[in-house]
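First comes the structure, then the notes that go with it.
The values are calculated or read from the model by the stated rules, or taken from the named source; none is laboratory data. None of the values given here were measured: they were computed from a predicted structure. All Cβ positions, glycine included, derive from the backbone under ideal geometry; neighbour counts span all protein chains shown.
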Amino acid sequence: MSGPIPAHIEPRRLADRGVVLNGTIAAAKLPRLSAELNAPAGDVLVELKFARDEQGVRTLNGHYQVEVALICQRCLEQVEVMLDSRCEVGFVDSDEAARNLPRHYEPVIVDDETLDLYGLIEDELLLALPAVPMHPLDSCQHPPGYQPEEAGLEEQVEKPNPFSVLAKLKRDT
């Protein structure tokens with residue numbers, strides 16, 4: 001299926017049918033992600049493949065892409081970062097089933113209710129945000145009014161070595 005991604009789904013039913021969803025989500029519908037950005041983002045491209053694996057576990061293989069604007073921590077200017085996140089989710093009924101899930105799946109416990117798909121996608125995109133966003137080193141500019149402290153460097157060079165006295169004492173003995 002193509003088109004807008006639904007906000008809530010029934011993951012068991014989709015996995016049993018082997019449904020593939022392709023579409024977009026407006027980034028404005030992801031408030032926690034939007035709060036971390038410097039400027040509003042465009043649409044999030046989403047590809048979701050629901051299936052059952054060889055062990056019978058209902059799974060979701062998701063791929064999410066969006067370009068976001070963050071603040072460069074080196075120059076304090078806006079930097080565009082492409083978030084490209086993938087996840088493999090295993091849907092389970094309980095904590096015990098989550099512990100028995102193969103390690104490559106992220107467990108998601110679902111009841112008889114629907115799953116908040118936007119929340120799941122938003123969690124993955126938040127985890128994909130860089131811890132320290134920066135421009136490439138060669139294209140990063142200093143903020144306006146920045147003056148490097150060259151005088152501090154000169155003072156460091158002119159300071160005598162405090163251990164030179166110990167070296168002199170060692171030679172005298």
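Looking at region 67-85, which of its residues are within 13 Å of L129 (Cα to Cα) and out of contact with any helix residue (DSSP H, G or I) (no Cβ under 6 Å at 6 or more places or on another chain)?
Residues satisfying the conditions are E67, V68, A69, L70, I71, C72, V79, E80, V81, M82, D84.
Among (1) assigned to a loop (DSSP other than H, G, I, E, B); (2) modelled with pLDDT under 90, which single condition is A131 missing?
That leaves (2) as the condition not met.
Quick one: is T59 out of contact with any Phe, Trp or Tyr (no Cβ under 8 Å at 6 or more places or on another chain) and assigned to a strand (DSSP E or B)?
When the stated conditions are applied, T59 does not pass them.
Which pairs have Cβ atoms under 6 Å, sit 6 or more apart or on different chains, and link a residue in region 85-96 that is in contact (Cβ under 8 Å) with a residue 60 or more places away in the chain and on the phi < 0 side of the Ramachandran plot to one that is in a strand (DSSP E or B) and β-branched (V, I, T)?
So the pair list comes out as F91/V108.
In region 69-80, how many are within 29 Å of L48 (Cβ to Cβ) and either touching a Phe, Trp or Tyr at 6+ places or on another chain (Cβ under 8 Å) or surrounded by fewer than 18 Cβ atoms within 10 Å (Cβ to Cβ) (or both)?
Selection size over region 69-80: 2.
Looking at region 52-78 only, could you name the residues that are farther than 22 Å from E106 by Cβ, more than 15 Å from the chain's Cα centre (by Cα) and without any contact (Cβ under 8 Å) to a residue 60 or more places away in the chain?
Across region 52-78, the qualifying residue is only Q78.
Restricted to region 86-102, and to residues that are part of a strand (DSSP E or B) and not small (G, A, S), which residue is farthest from A128 (Cα to Cα)?
My answer is V92.
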